[in-house]
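Novice: Quick one: the structure is below, and I'll ask about it shortly.
No lab work stands behind these numbers, since they all come straight from the coordinates. Quantities reported herein were computed from a predicted structural model and do not represent experimental measurements. Positions of Cβ are backbone-derived with ideal geometry, glycine not excepted, and every protein chain shown enters the neighbour counts.
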Amino acid sequence: MAIEDYEQIDFREPLEPPPARSLPDWPELASEVVGSVSRIIQAELHLIEASIRNIVSTEVDRILKAVVALVLIATGLVCAAIAIIMGLHVVLGVWWGAFAVVAGATLIAGAALFMMGSRKS
């Protein structure tokens, strides 16, 4: 405001009181509070739902990738065992001997892995 505007105001006149407003009833206030709390809770639930959906989706993807990886590893190990058996059959000349060598090596490796996994840190 410019100084000229203040010169036009007559400070001797009493200020008019603000218009009286009616206060809302207690039931109206309670209704507004309940409505506000309800909207806040709904918003929080939507945020939680979105967060949980994201977490579950991520975990399902991880589990599927792990299962596919394990299936591929198992397939590779079976193929490797077959190749070893066939190679030992050429060297030993008997199938049962080749299977026995591969089975023994597999059992020893499995037992060693089991013992390493069952150790308590």
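Novice: On a full-extension model of 0.36 nm per residue, what is the gain between residue 111 and residue 99, subtracting their alpha-carbon distance, rounded to one decimal in nm? Don't jump to the answer; show the numbers that get you there.
Specialist: Values: separation 12, 0.36 × 12 = 4.32 nm, distance 1.80 nm.
Value of the extension gain: 2.5 nm.
Novice: Could you tell me the calculated FRET efficiency between residue 89 and residue 55, based on Cβ-Cβ distance and R0 = 35 angstrom, to the nearest 0.05? Don't skip to the end; give the middle numbers.
Specialist: Values: r = 51 Å, r/R0 = 1.46.
In this case the efficiency is close to 0.10.
Novice: Efficiency by 1/(1 + (r/R0)^6): what FRET value for residue 41 and residue 62, r their Cβ-Cβ distance, R0 = 35 Å, to the nearest 0.05? Let's see the in-between values first.
Specialist: Details: r = 31 Å, r/R0 = 0.90.
In this case the efficiency is close to 0.65.
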